Amino acid sequence: MQRRDFNYYEANAADISLEKITSFEKNAKVLGRLRDGDDNLTLFTLGSESWFQFSIGKGDDLGWLGYFIGRSVKIQHLDIWPLLEDDEGRQQIDAFFDGLARNQSIRGISCKQLGDYGSTALFRVLGNLSQLEELFFRGSNLTRNGCFALGTLLESGVYKLKKLFFHRNNIGDDGVAALASGLRSIGPSLKTLGLHDNSIGNEGLLALVTALESCTSLEELDLSNNDFSLATAGLRSLSDWIQSNQMDLKWLNFESCGINDEGLQALSGAARYCKDLQLAGNGSITPLGLRHLSTSLQSVSCHLENLFLGRMNIGDDGAEVLARGLIGNKSLRCLHLRDDEEDIGITRAGWSAFSAALCDTSTVNNTYLSNHTIQGLWFDWEEDFEDEDIDPARDIDEDIILYLQLNKEHPQYAARCKILMKHNHLEMAPLLQWELKFLPLAVGWFESAKPCTTLSINLKHPEYIMIRRQLLEESEEVYQSRILTVLYEFVRGVPKKVLERRVELALVAAYDDKIAMVKEENKRLRKDNKRLLENVEERDEKIAQKNKRLCSILESVRKSLDD
């Protein structure tokens, strides 16, 4: 088939029969929708298989598609799957991308296993698509030359890309270095960078950090499935960059990167500056490495909300280390310790550490200082309890499930509920130092905690039925008895102070009455003075008016005498 250019398609588009120029009926319908400007055709998928939205066949299907896409103002995202790269296929590819180069509406392009020829053709026309915001390459095995070509395009300043993905492209350290200058150019606009499974090591990570210098608006960074087992220097450099710029990352992914204890130590400081941190699948991490992560969790500046540690043999020692990190943490919502069905090696001893972190019952103060924020430890209770292989009574302390659900459903009352649940008798001795000043606070605390007597939470019954459980099963009379007991014990603990304060309070009351009388007298005198002042001002005003009339009469007499 002879190669056709845009002018050919433009000249024949008005009279051509779409059924005659396409290999499949569905292709003709798609071209008709493109030609007619279908508002619903915003996402478009094409490839050589029959199940695609547009299937590439023999003939000129792809060339006509490129023409109509080039004229479309509706398409927002284009998803390109493998294309045939024989001689005829290459002619179609060239015609397709020539048409695509004229489009001004597409914001995102995704390419999967595009091949060398297709990738080269795409790079040739990308310079015309300055409106692009998202670019995805999946499994296209980009060479260093391909990365260099793309880096040069990005460096030109034509694009304001927000999302850039390279998934399973095997670009290696050299590819990252070739992209570096381009990444620096689009840095101010870049929000998401994905480099999943690209054979990147320490050198590539170091090169990436230099490229990220301008990416201060970055929100998501995916470096999963690369080999960072010997990348301690690179991880430290990345962590330093994240901390020095005080980044606010929503997602930082290091899943299955071979990170060990030394690498986690280098990276742990960055944990405070992201909301979701994925570390699952790094089986070389031991409790020694988790200590550094635990320290970051305890930082007041930590705003990590989700931490993924699945496919790691946490064990009881690791559980105790992580539990210490939860004490004082106010940001973490879920600690994902388990993926699928793997054994995380935690026994009742390890779970008891988490139980103490969620509700330390040793003292009322320690209960108050426990973690009332985290809502999940190893799976979503409501979904995973449907799995009959999971027995909460066997695998995990039931109290932990209760505490987590309480934190989730009633976070504003979690601390007060735990105190009331675990401390039937509130010890007053430590509070006697506050003397009678504490009594109003105690009464106020019980008033604010009263809703706890009516709260309930959802829990899974052992037979996997959802039930609603009352948190505190006590009547109004019992609750009032708690209050009276506390007040009685407090007053009994400071009898001398109470007697002394009686005299003091009587004197204060007397002085208060005297002060009130003085204030009232002062108020009356101020009113009298104000009234007198108003009378004086009124009298002065009348005298001034009278003087003015006399002056006027005198002036008239003078004029008469002069005449």
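What the table shows:
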quantity: Protection proxy ranking of 518-529, 67-78 - average other beta-carbon atoms within 10 Å, highest first; calculated: 67-78, 518-529
quantity: Binned Cα-Cα distance frequencies in the stretch 54-123 - 10 Å width, integer %; calculated: 22, 58, 20, 0
quantity: Descending semi-axes in whole angstrom, ellipsoid equivalent of the chain, from the Cα gyration tensor; calculated: 67, 47, 24
quantity: Whole-number percent relative contact order across the chain, with pairs defined as alpha carbons under 8 Å at least 6 apart; calculated: 5
quantity: Residues Lys542 and Glu521, FRET efficiency given R0 of 41 Å [Cβ-Cβ distance, rounded to 0.05]; calculated: 0.80
quantity: Descending semi-axes in whole angstrom, ellipsoid equivalent of the stretch 136-261, from the Cα gyration tensor; calculated: 20, 18, 12
quantity: Gln53-Gln412 FRET efficiency (beta carbon distance; Förster radius 56 Å; 0.05 resolution); calculated: 0.70
quantity: Descending semi-axes in whole angstrom, ellipsoid equivalent of the stretch 299-359, from the Cα gyration tensor; calculated: 20, 15, 8
quantity: Additional length obtainable on full extension of the chain from Ser299 to Ile16, 0.36 nm per residue less Cα span; calculated: 95.1 nm
quantity: Listed residues Gly89, Tyr67, Gly127: farthest to the positive end of the dipole of the chain (Cβ charges); calculated: Gly127
quantity: Computed lengthening from Ser23 to Gln131, 0.36 nm per intervening residue step minus Cα-Cα distance; calculated: 35.7 nm
quantity: Convex hull of Cα atoms in the stretch 67-202, direction-averaged projection (nm²); calculated: 7.5
quantity: Accessible area per residue in Å² at 1.4 Å probe, computed on the chain; calculated: 51
quantity: Distance histogram in 5 Å bins (all Cα pairs of the stretch 1-94, percent per bin); calculated: 2, 14, 26, 27, 22, 8, 1, 0
quantity: Alpha carbon Rg of the stretch 6-56, scaled by the compact-globule rule 2.2 N^0.38 Å; calculated: 1.18
quantity: Distance violations [Cα-Cα > 19 Å] among Lys112/Lys275; Lys74/Lys191; Lys408/Lys460; Lys437/Lys519; Lys330/Lys408; Lys330/Lys450; calculated: Lys112/Lys275; Lys74/Lys191; Lys437/Lys519; Lys330/Lys450
quantity: Antiparallel %, DSSP beta bridges [both residues in the stretch 105-181], to 5; calculated: 0
quantity: Surface share of carbon and sulfur [accessible, 1.4 angstrom probe, percent] for the chain; calculated: 50
quantity: Gained length - Arg144 relative to Lys191, 0.36 nm times residue gap less alpha-carbon distance; calculated: 14.5 nm
quantity: Peptides ranked, highest mean first, by Cβ atoms within 10 Å: ranges 452-458, 34-40; calculated: 452-458, 34-40
quantity: DSSP-defined antiparallel bridges as percent of all bridges, the chain, nearest 5; calculated: 10
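The values are calculated or read from the model by the stated rules, or taken from the named source; none is laboratory data. Fair warning: this is a prediction, and the values are worked out from it, not measured in the lab. Note: ideal-geometry Cβ built from the backbone for every residue, glycine included; neighbour counts use all protein chains shown. Remember, those area values only see protein heavy atoms, side chains included, never the ligands or the DNA or RNA. Shrake-Rupley method; radii C 1.70, N 1.55, O 1.52, S 1.80 Å.
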